[in-house]
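Here is the structure we will look at, set down as structure tokens.
Where a number appears in this text, it was derived from the coordinates with a stated rule and is not lab data. The shown structure was predicted, so the numbers you read here are calculated from the model rather than taken from an experiment. Every residue, glycine among them, receives a Cβ derived from its backbone with ideal geometry; neighbour counts consider all protein chains shown.
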């Protein structure tokens, strides 16, 4: 079975797309959001990141050519946001987690 033929994988991709759409809408209105709405946005962002981490892990375990292509594209996109081959994706995801935590801390001040 190919990687993207799995119902679980397709479901995850659909969830990621839905969350990405919600986050895009958030970005258009973020300046208008109150503290609670911003906190909800960060919650969606955390959920999205956790699902992306899990998806990337699954893609990394696959030898399916389509999965390998997706992995390559994710790594290339991550490079635009400071990813380094020397550090690895775990470190990159950790940095994103820390950024979200810092944003949460600023909301509490």
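Hey, could you pull the Cα Rg and Dmax for the chain, both in Å?
Reported Rg and Dmax, both Å: 15.5, 50.
Only helical DSSP H runs with n ≥ 4 go in: add -39500 (n - 2.57) per run for the chain, normalise by residue count and round the 222 nm mean residue ellipticity to 500 deg cm²/dmol.
Taking each H run of at least 4 residues, the total per residue is -27000 deg cm²/dmol.
To the nearest 10 degrees, how steeply does helix 88-107 sit against the main Cα axis of the chain, on a 0 to 90 scale?
Between the helix axis and the principal axis of the chain, the angle is about 20 degrees.
With angles folded into 0 to 90 degrees, how steeply does helix 65-79 sit against the dominant principal axis of the chain? Use alpha carbons for both and round to 10.
The angle comes out at about 40 degrees.
Helix 7-29: angle to the longest alpha-carbon principal axis of the chain, degrees 0 to 90, nearest 10?
The answer is roughly 30 degrees.
Within 10 Å of each residue's Cβ, count the other Cβ atoms and sort 81, 55 from fewest upward.
Ascending number of Cβ neighbours within 10 Å: 81, 55.
Cα centroid distance between region 1-64 and region 65-109, in Å?
13
Please give the peptides 7-18, 26-37 ranked by average Cβ packing (other Cβ atoms within 10 Å per residue), highest first, as a rough proxy for protection.
Descending mean neighbour count gives 7-18, 26-37.
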